[in-house]
Amino acid sequence: MNLKKTNFTNILGWSISRYDKFLICKRKYFYDYYSKFDSTLPFEKLQFLKNLTSKHLIIGNIVHEVISDILKRYQIRTEPININKFLKYLFNITNKNYTTKVFFEHYYNNKTIEIDEIYKKICYISKNFINSEKFSWIKESALTKKSEWIIEPLWLGETIINNYKIFCKVDFLFHINDKIHIIDWKTGKQDLKKHKRQLIGYTLWANYKYNKKAINIVPSIVYLYPKIEEKTVNITDSLINKFKNKIKIETINMYDYLIDINKNIPKDKEEFELTNNKFFCKYCNYKEICV
(Lines give C-alpha, C1' and ligand atoms only; values in the text may rest on other atoms or scores of the structure.)
Protein backbone atom coordinates (compact mmCIF):
# COMPACT_ATOMS: atom_id res chain seq x y z
CA MET A 1 0.00 0.00 0.00
CA ASN A 2 1.29 3.44 -0.91
CA LEU A 3 1.01 5.83 2.03
CA LYS A 4 0.66 9.51 1.16
CA LYS A 5 3.36 11.58 2.89
CA THR A 6 2.61 15.15 4.00
CA ASN A 7 4.41 17.90 5.87
CA PHE A 8 3.60 19.47 9.23
CA THR A 9 2.00 22.91 9.60
CA ASN A 10 1.10 24.91 12.70
CA ILE A 11 -2.53 25.41 11.74
CA LEU A 12 -5.12 23.94 14.11
CA GLY A 13 -6.10 20.37 13.33
CA TRP A 14 -9.60 19.06 14.00
CA SER A 15 -10.10 15.79 15.87
CA ILE A 16 -13.08 14.21 17.59
CA SER A 17 -11.46 14.40 21.03
CA ARG A 18 -10.35 18.01 20.50
CA TYR A 19 -13.80 19.21 19.53
CA ASP A 20 -15.43 17.26 22.36
CA LYS A 21 -13.22 19.15 24.81
CA PHE A 22 -14.07 22.41 23.05
CA LEU A 23 -17.79 21.73 23.52
CA ILE A 24 -17.56 20.66 27.16
CA CYS A 25 -15.53 23.58 28.51
CA LYS A 26 -13.64 26.24 26.59
CA ARG A 27 -11.36 26.97 29.55
CA LYS A 28 -10.29 23.31 29.89
CA TYR A 29 -9.77 23.30 26.14
CA PHE A 30 -7.47 26.31 26.51
CA TYR A 31 -5.43 24.63 29.27
CA ASP A 32 -5.10 21.39 27.29
CA TYR A 33 -3.98 22.99 24.03
CA TYR A 34 -2.72 26.50 24.78
CA SER A 35 -1.25 26.46 28.31
CA LYS A 36 2.01 28.01 27.09
CA PHE A 37 0.04 31.16 26.28
CA ASP A 38 -1.23 31.55 29.86
CA SER A 39 0.48 34.54 31.44
CA THR A 40 -1.06 34.12 34.90
CA LEU A 41 -0.24 30.52 35.85
CA PRO A 42 3.07 28.60 35.71
CA PHE A 43 3.34 26.37 32.66
CA GLU A 44 4.79 23.56 34.83
CA LYS A 45 1.71 23.62 37.06
CA LEU A 46 -0.65 23.42 34.12
CA GLN A 47 1.32 20.54 32.60
CA PHE A 48 1.25 18.69 35.91
CA LEU A 49 -2.54 19.00 36.10
CA LYS A 50 -2.94 18.06 32.45
CA ASN A 51 -0.95 14.86 33.02
CA LEU A 52 -3.02 13.64 35.97
CA THR A 53 -4.41 10.23 35.15
CA SER A 54 -7.20 8.04 36.51
CA LYS A 55 -7.62 4.34 37.15
CA HIS A 56 -9.76 3.84 34.04
CA LEU A 57 -7.53 6.00 31.85
CA ILE A 58 -4.31 4.26 32.84
CA ILE A 59 -5.86 0.83 32.26
CA GLY A 60 -6.95 1.87 28.77
CA ASN A 61 -3.52 3.31 27.94
CA ILE A 62 -1.65 0.24 29.21
CA VAL A 63 -3.93 -2.16 27.32
CA HIS A 64 -3.34 -0.21 24.10
CA GLU A 65 0.41 -0.41 24.71
CA VAL A 66 0.17 -4.16 25.40
CA ILE A 67 -1.79 -4.88 22.22
CA SER A 68 0.59 -2.70 20.23
CA ASP A 69 3.56 -4.66 21.60
CA ILE A 70 1.87 -7.99 20.85
CA LEU A 71 1.17 -7.05 17.24
CA LYS A 72 4.70 -5.69 16.74
CA ARG A 73 6.06 -8.91 18.23
CA TYR A 74 4.06 -10.92 15.64
CA GLN A 75 5.63 -8.84 12.90
CA ILE A 76 8.99 -10.31 14.00
CA ARG A 77 8.16 -13.80 15.26
CA THR A 78 4.99 -15.84 15.34
CA GLU A 79 5.57 -18.60 17.90
CA PRO A 80 2.87 -18.88 20.60
CA ILE A 81 3.03 -16.49 23.56
CA ASN A 82 4.59 -17.92 26.72
CA ILE A 83 1.95 -17.14 29.33
CA ASN A 84 4.36 -16.94 32.28
CA LYS A 85 6.62 -14.49 30.47
CA PHE A 86 3.55 -12.62 29.30
CA LEU A 87 2.22 -12.17 32.85
CA LYS A 88 5.60 -10.92 33.99
CA TYR A 89 5.68 -8.47 31.10
CA LEU A 90 2.18 -7.27 32.04
CA PHE A 91 3.27 -6.63 35.61
CA ASN A 92 6.39 -4.75 34.52
CA ILE A 93 4.51 -2.50 32.14
CA THR A 94 1.81 -1.89 34.76
CA ASN A 95 4.39 -1.08 37.42
CA LYS A 96 6.26 1.29 35.09
CA ASN A 97 3.11 3.29 34.41
CA TYR A 98 1.78 3.09 37.98
CA THR A 99 4.97 4.42 39.57
CA THR A 100 5.44 7.31 37.15
CA LYS A 101 1.91 8.72 37.17
CA VAL A 102 -0.07 10.86 39.60
CA PHE A 103 -3.68 9.77 39.97
CA PHE A 104 -6.56 12.22 39.88
CA GLU A 105 -8.31 10.16 42.59
CA HIS A 106 -5.34 10.52 44.93
CA TYR A 107 -4.46 14.13 44.15
CA TYR A 108 -7.97 15.49 44.67
CA ASN A 109 -9.65 12.89 46.91
CA ASN A 110 -6.68 11.34 48.73
CA LYS A 111 -7.85 7.94 47.51
CA THR A 112 -5.22 5.25 47.05
CA ILE A 113 -5.34 3.29 43.81
CA GLU A 114 -3.80 -0.14 44.38
CA ILE A 115 -1.53 -1.53 41.70
CA ASP A 116 -3.03 -5.02 42.16
CA GLU A 117 -6.43 -3.67 41.15
CA ILE A 118 -5.01 -2.25 37.94
CA TYR A 119 -2.84 -5.29 37.19
CA LYS A 120 -5.73 -7.72 37.69
CA LYS A 121 -7.93 -5.93 35.17
CA ILE A 122 -5.10 -5.55 32.65
CA CYS A 123 -4.42 -9.28 32.87
CA TYR A 124 -8.09 -10.04 32.34
CA ILE A 125 -8.42 -7.78 29.30
CA SER A 126 -5.08 -8.87 27.79
CA LYS A 127 -6.00 -12.55 28.10
CA ASN A 128 -9.36 -11.72 26.53
CA PHE A 129 -7.50 -10.33 23.55
CA ILE A 130 -4.88 -13.08 23.02
CA ASN A 131 -7.55 -15.80 23.37
CA SER A 132 -10.07 -14.07 21.12
CA GLU A 133 -11.33 -15.23 17.74
CA LYS A 134 -10.47 -11.77 16.44
CA PHE A 135 -6.77 -12.14 17.24
CA SER A 136 -6.79 -15.66 15.75
CA TRP A 137 -8.35 -14.27 12.59
CA ILE A 138 -5.68 -11.57 12.35
CA LYS A 139 -2.91 -14.16 12.70
CA GLU A 140 -4.51 -16.42 10.10
CA SER A 141 -5.53 -13.80 7.55
CA ALA A 142 -3.24 -10.78 7.83
CA LEU A 143 0.25 -12.07 8.57
CA THR A 144 1.29 -12.26 4.92
CA LYS A 145 1.28 -8.45 4.81
CA LYS A 146 2.54 -7.88 8.36
CA SER A 147 5.37 -5.62 7.22
CA GLU A 148 2.73 -3.10 6.10
CA TRP A 149 0.75 -3.07 9.33
CA ILE A 150 0.16 0.36 10.87
CA ILE A 151 0.23 0.00 14.68
CA GLU A 152 -0.37 2.98 17.00
CA PRO A 153 1.58 5.33 14.69
CA LEU A 154 3.29 8.32 16.28
CA TRP A 155 3.11 10.46 13.13
CA LEU A 156 2.11 9.78 9.55
CA GLY A 157 1.86 13.34 8.36
CA GLU A 158 -1.15 15.60 8.10
CA THR A 159 -4.53 14.71 6.67
CA ILE A 160 -6.37 17.40 4.71
CA ILE A 161 -10.09 17.07 4.11
CA ASN A 162 -11.67 19.83 1.99
CA ASN A 163 -8.77 22.16 2.93
CA TYR A 164 -9.13 21.50 6.69
CA LYS A 165 -6.54 19.62 8.71
CA ILE A 166 -7.74 16.66 10.77
CA PHE A 167 -6.17 14.13 13.14
CA CYS A 168 -7.47 10.56 13.18
CA LYS A 169 -4.93 8.27 14.82
CA VAL A 170 -5.76 4.62 14.11
CA ASP A 171 -4.96 1.86 16.62
CA PHE A 172 -4.35 -0.84 14.02
CA LEU A 173 -4.57 -0.86 10.22
CA PHE A 174 -3.86 -3.76 7.87
CA HIS A 175 -5.05 -4.99 4.53
CA ILE A 176 -6.34 -8.29 3.22
CA ASN A 177 -6.66 -8.61 -0.54
CA ASP A 178 -8.21 -5.32 -1.75
CA LYS A 179 -9.67 -4.30 1.62
CA ILE A 180 -8.18 -2.02 4.27
CA HIS A 181 -9.18 -3.06 7.79
CA ILE A 182 -9.02 -0.60 10.69
CA ILE A 183 -9.54 -1.64 14.30
CA ASP A 184 -10.05 0.63 17.29
CA TRP A 185 -9.63 -1.09 20.66
CA LYS A 186 -11.94 -0.05 23.52
CA THR A 187 -11.64 -0.99 27.20
CA GLY A 188 -14.59 1.06 28.45
CA LYS A 189 -18.35 0.95 28.03
CA GLN A 190 -19.94 0.38 24.66
CA ASP A 191 -21.17 3.56 23.01
CA LEU A 192 -21.51 2.88 19.31
CA LYS A 193 -23.34 6.14 18.65
CA LYS A 194 -20.29 8.06 19.90
CA HIS A 195 -17.69 5.68 18.48
CA LYS A 196 -19.35 5.64 15.06
CA ARG A 197 -17.91 9.12 14.49
CA GLN A 198 -14.43 7.70 14.99
CA LEU A 199 -15.06 4.98 12.42
CA ILE A 200 -16.15 7.56 9.85
CA GLY A 201 -13.03 9.60 10.68
CA TYR A 202 -10.78 6.58 10.20
CA THR A 203 -12.44 5.88 6.85
CA LEU A 204 -11.75 9.45 5.74
CA TRP A 205 -8.15 9.15 6.94
CA ALA A 206 -7.56 5.91 5.01
CA ASN A 207 -9.29 7.33 1.95
CA TYR A 208 -6.88 10.29 2.02
CA LYS A 209 -3.71 8.38 2.92
CA TYR A 210 -4.18 5.38 0.60
CA ASN A 211 -6.56 6.75 -2.03
CA LYS A 212 -9.02 3.94 -1.28
CA LYS A 213 -12.78 4.23 -1.74
CA ALA A 214 -14.98 3.86 1.34
CA ILE A 215 -16.41 0.60 -0.02
CA ASN A 216 -12.91 -0.92 0.29
CA ILE A 217 -12.32 0.29 3.88
CA VAL A 218 -13.60 -1.79 6.80
CA PRO A 219 -13.43 0.08 10.13
CA SER A 220 -14.53 -1.61 13.35
CA ILE A 221 -14.64 -1.11 17.10
CA VAL A 222 -13.51 -4.06 19.23
CA TYR A 223 -14.70 -3.84 22.83
CA LEU A 224 -12.33 -5.80 25.06
CA TYR A 225 -14.18 -5.76 28.39
CA PRO A 226 -16.00 -7.58 29.91
CA LYS A 227 -15.88 -9.75 26.78
CA ILE A 228 -14.74 -9.36 23.20
CA GLU A 229 -17.41 -7.78 21.02
CA GLU A 230 -16.88 -6.31 17.59
CA LYS A 231 -19.07 -3.60 16.09
CA THR A 232 -18.91 -2.36 12.52
CA VAL A 233 -20.70 0.41 10.68
CA ASN A 234 -21.59 0.63 7.01
CA ILE A 235 -19.88 3.84 5.92
CA THR A 236 -21.82 5.35 3.00
CA ASP A 237 -20.93 8.28 0.76
CA SER A 238 -23.80 10.20 2.36
CA LEU A 239 -22.33 9.68 5.85
CA ILE A 240 -18.90 10.79 4.66
CA ASN A 241 -20.22 13.95 3.00
CA LYS A 242 -22.14 14.92 6.14
CA PHE A 243 -19.04 14.25 8.22
CA LYS A 244 -16.85 16.41 5.97
CA ASN A 245 -19.30 19.28 6.36
CA LYS A 246 -19.33 18.77 10.13
CA ILE A 247 -15.52 18.93 10.21
CA LYS A 248 -15.66 22.27 8.36
CA ILE A 249 -18.25 23.77 10.75
CA GLU A 250 -16.50 22.52 13.89
CA THR A 251 -13.08 23.69 12.71
CA ILE A 252 -14.40 27.16 11.97
CA ASN A 253 -15.94 27.23 15.47
CA MET A 254 -12.49 26.60 16.95
CA TYR A 255 -10.91 29.13 14.59
CA ASP A 256 -13.14 31.78 16.20
CA TYR A 257 -11.02 31.50 19.37
CA LEU A 258 -7.76 32.28 17.57
CA ILE A 259 -6.08 35.56 16.77
CA ASP A 260 -3.82 33.90 14.18
CA ILE A 261 -5.22 30.85 12.40
CA ASN A 262 -2.10 29.91 10.45
CA LYS A 263 0.11 30.00 13.57
CA ASN A 264 -2.62 28.58 15.85
CA ILE A 265 -2.29 31.41 18.38
CA PRO A 266 -5.28 31.74 20.74
CA LYS A 267 -7.15 34.73 22.04
CA ASP A 268 -6.69 35.68 25.68
CA LYS A 269 -7.56 32.99 28.22
CA GLU A 270 -10.52 35.00 29.50
CA GLU A 271 -12.15 34.61 26.09
CA PHE A 272 -12.35 30.86 26.74
CA GLU A 273 -15.43 30.74 28.94
CA LEU A 274 -15.98 28.30 31.80
CA THR A 275 -18.64 25.64 31.44
CA ASN A 276 -21.98 26.13 33.16
CA ASN A 277 -22.33 22.40 33.74
CA LYS A 278 -20.68 21.77 37.10
CA PHE A 279 -20.93 18.00 36.59
CA PHE A 280 -17.89 18.22 34.30
CA CYS A 281 -15.98 20.28 36.88
CA LYS A 282 -16.15 17.41 39.34
CA TYR A 283 -13.94 15.29 37.11
CA CYS A 284 -11.77 18.04 35.58
CA ASN A 285 -8.00 17.97 36.07
CA TYR A 286 -7.94 21.75 36.38
CA LYS A 287 -10.70 22.18 38.95
CA GLU A 288 -8.38 23.49 41.66
CA ILE A 289 -7.57 26.56 39.56
CA CYS A 290 -11.09 27.16 38.23
CA VAL A 291 -13.49 26.39 41.07
For residue 64, state whether it is in contact (Cβ under 8 Å) with a residue 60 or more places away in the chain, open to solvent by 90 Å² or more (accessible area, probe 1.4 Å) and within 21 Å of the chain's Cα centre (by Cα).
no
Segment 255-291, residues that are in contact with a helix residue (DSSP H, G or I) (Cβ under 6 Å, 6 or more places away or on another chain) and closer than 25 Å to residue 163 by Cβ:
261, 266
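In segment 20-45, how many residues are open to solvent by less than 40 Å² (accessible area, probe 1.4 Å) and either without any contact (Cβ under 8 Å) to a residue 60 or more places away in the chain or under 18 Å from residue 259 (Cα atoms) (or both)?
Here is the first cut: in segment 20-45, the ones open to solvent by less than 40 Å² (accessible area, probe 1.4 Å) are 22, 25-27, 29-32, 34-35, 38.
Right, trim to either without any contact (Cβ under 8 Å) to a residue 60 or more places away in the chain or under 18 Å from residue 259 (Cα atoms) (or both) and you get 22, 26-27, 29-32, 34-35, 38.
Number satisfying all stated conditions: 10.
Which of the following residues is modelled with pLDDT of 90 or more, among the aliphatic types (A, V, I, L, M), within 21 Å of residue 69 (Cβ to Cβ) and surrounded by 17 or more Cβ atoms within 10 Å (Cβ to Cβ): 161, 180, 150, 166?
Working: 161 fails: within 21 Å of residue 69 (Cβ to Cβ); 180 fails: within 21 Å of residue 69 (Cβ to Cβ); 166 fails: within 21 Å of residue 69 (Cβ to Cβ).
Testing whether each residue is modelled with pLDDT of 90 or more, among the aliphatic types (A, V, I, L, M), within 21 Å of residue 69 (Cβ to Cβ) and surrounded by 17 or more Cβ atoms within 10 Å (Cβ to Cβ) leaves just 150.
Give the residue, chosen from 51, 7, that is under 19 Å from residue 281 (Cα atoms) and open to solvent by 80 Å² or more (accessible area, probe 1.4 Å). Give the steps one after another, and end with the answer.
Details: 7 fails: under 19 Å from residue 281 (Cα atoms).
Within the list 51, 7, the selection yields 51.
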Counted residues, segment 218-241 - those being in contact with a Leu (Cβ under 8 Å, 6 or more places away or on another chain) and within 18 Å of residue 60 (Cβ to Cβ)
3
Give the residues of segment 264-291 that are open to solvent by less than 40 Å² (accessible area, probe 1.4 Å), closer than 26 Å to residue 10 by Cα and either among the hydrophobic types (A, V, I, L, M, F, W, C) or over 23 Å from the mean Cα position of the chain (by Cα) (or both), sorted by residue number.
266, 269, 272
Taking first residues from segment 110-125 that are within 18 Å of residue 189 (Cα to Cα) and second residues anywhere that are open to solvent by 50 Å² or more (accessible area, probe 1.4 Å), the pairs with Cβ under 7 Å that are 6 or more apart or on different chains are 118/98; 125/225
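Take segment 249-263 and flag every residue that is open to solvent by 70 Å² or more (accessible area, probe 1.4 Å) and closer than 17 Å to residue 9 by Cα. So that I can check it myself, show each step before the final result.
So the first thing to find is which residues in segment 249-263 are open to solvent by 70 Å² or more (accessible area, probe 1.4 Å), and the list is 249, 256, 259, 262-263.
Across segment 249-263, the qualifying residues are 259, 262, 263.
Matching residues to (1) farther than 20 Å from residue 15 by Cα; (2) without any contact (Cβ under 8 Å) to a residue 12 or more places away in the chain:
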residue: 179; (1), (2): yes, no
residue: 187; (1), (2): yes, no
residue: 193; (1), (2): no, yes
residue: 196; (1), (2): no, no
residue: 201; (1), (2): no, no
residue: 210; (1), (2): no, no
Top-ranked residue in segment 236-268 [being out of contact with any Phe, Trp or Tyr (no Cβ under 9 Å at 6 or more places or on another chain) and in a loop (DSSP other than H, G, I, E, B); ranked as nearest to residue 18 (Cα to Cα)]:
256
Residue 221 vs. criteria assigned to a loop (DSSP other than H, G, I, E, B), in contact (Cβ under 8 Å) with a residue 12 or more places away in the chain, open to solvent by less than 50 Å² (accessible area, probe 1.4 Å) and under 30 Å from residue 126 (Cα atoms):
no
Restricting attention to segment 117-132, and to residues there that are open to solvent by less than 10 Å² (accessible area, probe 1.4 Å) and β-branched (Val, Ile, Thr), which single residue is nearest to residue 88 (Cα to Cα)?
122
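Looking for something touching a helix residue (DSSP H, G or I) at 6+ places or on another chain (Cβ under 8 Å), free of Cβ contacts under 8 Å to residues at least 40 places away in the same chain and under 30 Å from residue 215 (Cα atoms) - is there at least one such residue anywhere in segment 80-88?
First, pick out the residues of segment 80-88 that are touching a helix residue (DSSP H, G or I) at 6+ places or on another chain (Cβ under 8 Å): 81, 86-87.
Then keep just the ones that are free of Cβ contacts under 8 Å to residues at least 40 places away in the same chain; that gives 87.
Narrowing the set further to residues that are under 30 Å from residue 215 (Cα atoms) leaves none.
No: zero hits.
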Some residue of segment 185-192 being basic (Lys, Arg), at pLDDT 90 or above and crowded, with 18+ Cβ neighbours inside 10 Å:
yes
Could you tell me which of the residues 174, 135 is crowded, with 19+ Cβ neighbours inside 10 Å and not acidic (Asp, Glu)?
174
How many residues are of a type in the set (Gly, Ala, Ser) and open to solvent by 50 Å² or more (accessible area, probe 1.4 Å) if we restrict to segment 67-115?
0
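The values are calculated or read from the model by the stated rules, or taken from the named source; none is laboratory data. Being a predicted model, the structure only gives us computed values, none of them experimental. When we count neighbours, we look across all protein chains shown, and the Cβ atoms used for this are built from the backbone with ideal geometry, even at glycine. Please note that ligands, DNA and RNA were not included when accessible areas were found on the heavy atoms of the full protein model with its side chains. Shrake-Rupley method; radii C 1.70, N 1.55, O 1.52, S 1.80 Å.
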